[in-house]
C-alpha cells in the first residue's frame, strides 16, 4: 500500500505502508540509535510523535516479549528507510509489522530518512502526518498545521497509570547465559511516579534492591509520604514540562522530606521545582550515542536520550549544582541539590535501549536513601 509523509512546511516524502492503514499526526523527530526499535516504539515519552529511525534496516530481529517498555506502542507513527518482513532472533515472537497493525500504528518505509533527518536538523522538529488514504497533499498538510504544537502540551495524563501497583520483576537476560547482578532481598521502598514510566527503569530499581510502588502522576505529596518511602523516583514522560504544573507542585512538597531521583521529564520537573525554567530544543536529543560529561569527575558517558526540552542553566538558583553537560550542544544533563537530598539526569541510565555507562546513578540513589534513612 502506498503511503506518504507530509510535513507542516509542505515537504513531502513518499513511501510504502507496513503498519496499520489510516493516518496519524504528530511531531516528527529522528532517533540515532542502531538498535532497540521495539523499546523506542513502546516508550511513552514518544506519545504524540512520529519517530524516524536513522538506522537504515529495521525489523530484522522481529519483536519479543522482553523489550516492551509499556503495554503497547506509544509513538503516533513510525518512519524507516528499509523494513524487513523477514526476521531472526532467539527471542522473537512475531514481526514488527504484526505488532504495529495489531495496535493501529501507521508506519511508512522506503522513505529517504537521510534527507528527512537533515531537513529536521536544519528546520527543526515540526508537525507532520503519515497517511495511506490517498488524500491530496494540500489537505494532509492543512491537518498537520491544525494539530497542536508540542509546546504547552501536557501529555503525561494520557500515558500515566490509573491506579497504584507494585513492581517486583528484575531485568530479563540478554541471552540464555547472561544475567544481571541482583540483590536478593529488597532493602528500600521506592515510590515511582508514572508520567510515562518505562519498564526497564522499574527493573533496574529492583536490580538495585528496591521494592517499588508505582503511583499515578496525579498522586499528591501527602499521599506519597503516607506510604513511608525511603525514596521517590520521578519518571520520564512526554510533552512540555512547563505544562505539567501539578507535578512541579507535588515535587516541591516532597523535596527535603525524602530523597528524590529524576530522569528525563523528571529531570526537567526537578529543574522547575528548584526555581529554574525550561525551553524547547530545536530538534531534541533522541538516540543512544550522546556524549555527556560528568563535571565532578571529568569522565565522559555515552548515553541514551529521548527529550525535546531542556533546563535553562542561567535560570537555576546558586545552590543548585549542574553535574552533567551534553558535549554536543552544552545543554544541562544533570542537577543536584545536596541540602534537599535530590538529583536528576536528562538522559536514561537504565539503558533501554542504550549503553550502560550511567548505571552508577542507581547506586547513587540507593546510597542516598541509605545515608538519609531514619
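Derivation of every value follows stated rules applied to the coordinates shown; laboratory data play no part. Treat the numbers as computed from the prediction; the structure is a model and nothing was measured. Note that each Cβ is placed from the backbone with ideal geometry, even for glycine, and that neighbours are counted across all protein chains shown.
For the reader, a short list of remarks on this structure follows.
- Two-site FRET efficiency, residue 165 against residue 137, from Cβ-Cβ distance with R₀ of 30 Å, rounded to 0.05: 0.10
- Whether region 303-374 is rounded, prolate or oblate, judged on the alpha carbon gyration tensor where a/c under 1.5 counts as rounded: oblate
- Fluctuation leader among 43, 194, 67 - the chain, Gaussian network, Cα springs under 10 angstrom: 67
- Of all beta bridges that DSSP places with both ends in region 156-372, some 55 percent have antiparallel geometry.
- Among 86, 207, 169, the largest mean-square fluctuation in a Gaussian network model of the chain (Cα springs under 10 Å) belongs to 86.
- Under 13 Å from a label point set 7 Å out along the Cα-to-Cβ vector of residue 295, the amide N atoms of region 332-363 belong to 332-338, 344.
- Antiparallel content of DSSP bridges confined to the chain, in %, to 5: 60 percent
- Here's the picture: a label point sits 7 Å out from the Cα of residue 364 along the beta-carbon direction, and within region 316-333 the residues with their amide nitrogen under 12 Å of it are 321-325, 333.
- Ellipticity estimate at 222 nm from DSSP helix runs (n ≥ 4, -39,500 (n - 2.57)) divided over the chain, nearest 500: -6000 deg cm²/dmol
- Rounded if a/c under 1.5, otherwise prolate or oblate - region 1-122, Cα gyration tensor axes: prolate
- Gaussian network model of the chain, springs between alpha carbon atoms under 10 Å - residue of 159, 214, 137 with greatest fluctuation: 137
- In terms of its C-alpha gyration tensor, region 156-372 has a rounded overall shape, because the principal axis ratio a/c (a ≥ b ≥ c, square roots of the eigenvalues) stays below 1.5.
- Taking every alpha-carbon pair under 8 Å whose residues sit at least 6 apart, the chain reaches a relative contact order of 15 percent.
- Secondary structure note: in region 2-146, about 60% of the DSSP beta bridges are antiparallel.
- Label-point gap, in nm, between residue 32 and residue 65 - each point 7 angstrom along Cα→Cβ: 3.6 nm
- Computed over region 2-146: relative contact order in percent, which uses C-alpha pairs under 8 Å that are six or more apart: 36 percent
- When Rg and Dmax are taken over the Cα atoms of the chain, they come to 20.2, 65 Å.
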